[in-house]
1. So which of 77, 125 ends up being assigned to a helix (DSSP H, G or I), surrounded by 14 or more Cβ atoms within 10 Å (Cβ to Cβ) and at pLDDT 85 or above?
2. Go through the stretch 26-42 and count every residue that is more than 11 Å from the chain's Cα centre (by Cα), at pLDDT below 85 and in a strand (DSSP E or B).
3. Going through the stretch 85-103 one residue at a time, which ones are in a loop (DSSP other than H, G, I, E, B) and either farther than 19 Å from residue 32 by Cβ or touching a strand residue (DSSP E or B) at 6+ places or on another chain (Cβ under 8 Å) (or both)?
């Protein structure tokens, strides 16, 4: 995949399609063979722009899944590692105007790592159960089970961690986890 410059210095041709020569700063959040996740700078997190990038990536034969999360400003690309290596996928993204650099996110690297690990775990749980359950259900059910156990063991006793605190955690985590918007998923 190459970019051929046209006569206008502000546009490029990518597989015959004119693309505006925008430089979109992004940071590689995680990259393992077959999967890369990038996060855009906050001012470039526009639904239309991210959708165009997602659609263009889906046109590539060796890329079999692209998921975008507009709220988080990230795109996850799953590709055939037998056909593409990390240099190839970086070149494809650069052809789309994505410039890899540090992005000020307002979160520490550790917070981002933990968030990415939980997101990946949630994805794996959902995939393993064919979407029947995910962490949004497991966490509140875990707190509810602990609340019932504490109530059974301690009765209405208000020692250490009372059952009603765990019951509140179950309710609160369920509400907070279910009344947030889902990442925009556009699977190919």
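The values are calculated or read from the model by the stated rules, or taken from the named source; none is laboratory data. None of the values given here were measured: they were computed from a predicted structure. Here the Cβ positions follow ideal geometry from the backbone for every residue, glycine too, while neighbour counts run over all protein chains shown.
1. Working: 77 fails: assigned to a helix (DSSP H, G or I).
None of the other options fit; the residue is 125.
2. Number of matching residues: 2.
3. 96, 97, 101, 102, 103
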